[in-house]
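Colleague: Before I ask anything, here is the structure I am working with.
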Amino acid sequence: MQNPYAAEQIHDIVREGLAQVLGTGVDEITADATLVGDLGAESLDLVEFRFEMETKLGVTLPKSNVLDQLANALGGSERLYDERGGITELAADVLRRSAFGYSVEQVHAGQRPHEVAAAATSAHWAAFTHAIFDHLPEQCTECGADKAELAASGKAICAGCGAALEAATGDEVMAEGVRAALAAVGDAQPVG
């Protein structure tokens, strides 16, 4: 089924959720403001934000991160970190190709994992959340319809019968993205 959300709609929802959790105005949450450095988000704020988004949208955001998924795909983390603990160019390339949409300026070889996490913005979370909705089932399991729409609650439902639609989980979307990124850089690895 086609994603019932426009990318801008998801970004507005993410910004509203962050504003609520952080106690700031929505206008302060710009696309390039980092959640940690610019907006002062702490780990508990991000946990609460995840819960709010999952509840509002009816999706499951990832419980792991891209580097964890990449280590899993490669069978270990040896190729992800340099001798100083910074990420390698391979890791940076996969992060830039991920659904989060990091730029070269935001993520580069040599950064430490906590610096990568600190580079996250509302735009990154909106892009990834939007990508989850790109992974709705092909057809409704209740009636076989192939069109999705948004319920008044903001959750994706079948346009034919109104049944709730379950998208792939954030971890599934992330793992698929990591495999695709590795293939794109010519480093496809068998996954256990």
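Colleague: Hey, what number do you get for the chain at 222 nm if only DSSP H runs of n ≥ 4 count, each worth -39500 (n - 2.57), divided across all residues, to the nearest 500?
Modeller: After summing the helix terms and dividing by the residues of the chain, the value is -13000 deg cm²/dmol.
Colleague: Residue by residue, what Karplus-based ³J(HN,Hα) values in Hz, rounded to whole numbers, does the stretch 127-133 have, using 6.51, -1.76 and 1.60 with θ = phi - 60° and x for Gly and Pro?
Modeller: Result, ordered by residue: 4, 5, 4, 4, 4, 4, 5 Hz.
Colleague: In addition: Rounded to the nearest Å, what's the spacing between the alpha carbon centres of the stretch 6-65 and the stretch 101-158? Just the number, please.
Modeller: Measuring centre to centre over Cα atoms gives 12 Å.
Colleague: Assign unit charges at the C-beta atoms only (+1 for Lys and Arg, -1 for Asp and Glu), then state the dipole size of the stretch 1-132 relative to its Cα centre in Debye, rounded to the nearest 20.
Modeller: On the way: 9 positive and 20 negative charges, 88 e Å.
Approximately 420 debye in magnitude.
Colleague: Tell me which GluC sites (Glu not before Pro) from the stretch 77-125 have a DSSP coil assignment and no more than 10 other beta carbons within 10 Å of their own.
Modeller: Numbers: sites: E78, E83, E89, E105, E115; in loops: E78, E83, E105.
Within the stretch 77-125, the qualifying GluC sites (Glu not before Pro) (loop, at most 10 other Cβ atoms within 10 Å) are E78, E83, E105.
Colleague: Check each of the GluC sites (Glu not before Pro) in the stretch 34-70 and keep only those in coil by DSSP with at most 16 other C-beta atoms within 10 angstrom; list them in order.
Modeller: Details: sites: E42, E48, E52, E54; in loops: E42.
Hits after loop and neighbour filter: E42.
Colleague: Okay, moving on. Computed from the coordinates I sent, semi-axes √(5λ) of the Cα gyration tensor in Å equals one of [x] 32, 19, 16; [y] 29, 23, 12; [z] 24, 20, 16. Tell me the label.
Modeller: Given [x] 32, 19, 16; [y] 29, 23, 12; [z] 24, 20, 16, the calculated one carries the label [y].
Colleague: List every residue whose amide H lies under 5 Å from the amide H of I87, counting only residues 5 or more places away in sequence or on a different chain, with H placed 1.01 Å from N in the peptide plane.
Modeller: For I87, the qualifying residues are D82, G110, Q111, R112.
Colleague: Within straight cross-link reach of K56, meaning Cα distance under 18 Å, which aspartates and glutamates are found once same-chain residues fewer than 8 apart are removed?
Modeller: Counting by Cα, and skipping residues close in sequence, K56 has these aspartates and glutamates nearby: E8, D12, E16, D45, E48, D134, E149, E166.
Colleague: Still on this structure, please answer the following. Taking the simple approach of a point 7 Å from Cα along Cα-to-Cβ for both D38 and N72, what is their distance in nm?
Modeller: So the label points at D38 and N72 sit 3.0 nm apart.
Colleague: Could you give the nm distance between label points at A164 and T55, where each point is 7 Å from its Cα heading toward the beta carbon?
Modeller: 1.4
Colleague: How many nm separate the modelled label positions at E105 and A180, each set 7 Å beyond the Cα in the direction of the Cβ?
Modeller: For E105 paired with A180, the spin-label model returns 2.5 nm.
Colleague: Packing-wise, with mean Cβ within 10 Å as the measure, how do 25-31, 118-124, 8-14 rank, highest first?
Modeller: Answer by packing, highest mean first, reads 118-124, 8-14, 25-31.
Colleague: Another question, if that's okay. With r defined as the distance between the Cβ atoms of A6 and A152 and R0 fixed at 22 Å, what FRET efficiency is calculated, to the nearest 0.05?
Modeller: For A6 and A152, the calculated efficiency is 0.80.
Bear in mind these aren't lab numbers, they're just calculated from the coordinates by the rules spelled out. What you see is a predicted model, and the numbers here were worked out from it, not measured in a lab. Every residue, glycine among them, receives a Cβ derived from its backbone with ideal geometry; neighbour counts consider all protein chains shown.
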